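Coordinate-derived values only; no laboratory data. Note that the structure is predicted; figures quoted are calculated from it, not measured. Here Cβ is always computed from backbone atoms with ideal geometry, including for glycine, and neighbour counts include all displayed protein chains.
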Amino acid sequence: MMELRLDQVENAIEGLKTERDALDRRIKEHEKEIDDARDKMRAILDTLGAGRKSSNINYLLDEREAEIIHIRHKISKLKRELKPLVEIKPADAADLLLTYQDCLAPLFKDLDDQKVAALIYPWHLRFTVDLEMHMTVTYNWRRMLVDLRKILSTPTLPATRAIRPGEAEAHENRA
């Protein structure tokens, strides 16, 4: 399999950061749109007064309310899209690369390891081999970085071991 290099991971982290920033910017733009729509509603109510509500005014206010609901829906979709894109520091690139290599390591022993194959399958979009047997890999960077970050941040428990009868008393005496 083609080697994944540190500079590729660093570039992918930078791309992920750019994607996060773009989503944040879009969310802020939509929040400003909501504020503008609310200001327009307030201006209508202030101009006409609370007591003078005709069917046309109610229609206009309902239209503004529907616009706000639509924008809120857009914001919630963007926030759902943003949530899995945890911020990854460029300093974590080496750790992510090592984790990727650790995830691939079992395949060198057993190519049919289905558990490992199921884990890494979504990380690779395409393998292309040309006539000279040069392979290029197209990675799903977003999915891979998010998954590797989860693997890195998952706490691991120390290996369990049996305590022999004599060890229990020795441990209690030390305490």
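See the values below:
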read-out: Per-residue Cβ neighbour rank within 10 angstrom, fewest leading, 146, 86, 129; value: 129, 86, 146
read-out: Projected label distance in nm at residue 14 and residue 63, using a 7 Å step from Cα toward the beta-carbon; value: 4.7 nm
read-out: Kirkwood Rh and Cα Rg combined as Rg over Rh, evaluated for segment 90-153; value: 1.00
read-out: Residue 140 long-range amide H proximity, modeled H, under 5 Å; value: 124, 125
read-out: Label-point gap, in nm, between residue 83 and residue 150 - each point 7 angstrom along Cα→Cβ; value: 1.3 nm
read-out: Cα→Cβ-extended label distance, 7 Å offset, between residue 131 and residue 98, nm; value: 4.4 nm
read-out: Range of Cα positions in segment 6-82 per principal axis (Å), largest first; value: 67, 17, 12
read-out: Over segment 57-131: Kirkwood hydrodynamic radius from C-alpha pairwise inverse distances, Å; value: 17.2 Å
read-out: Length added when fully stretched, residue 142-residue 109, from 0.36 nm per residue minus Cα-Cα; value: 9.1 nm
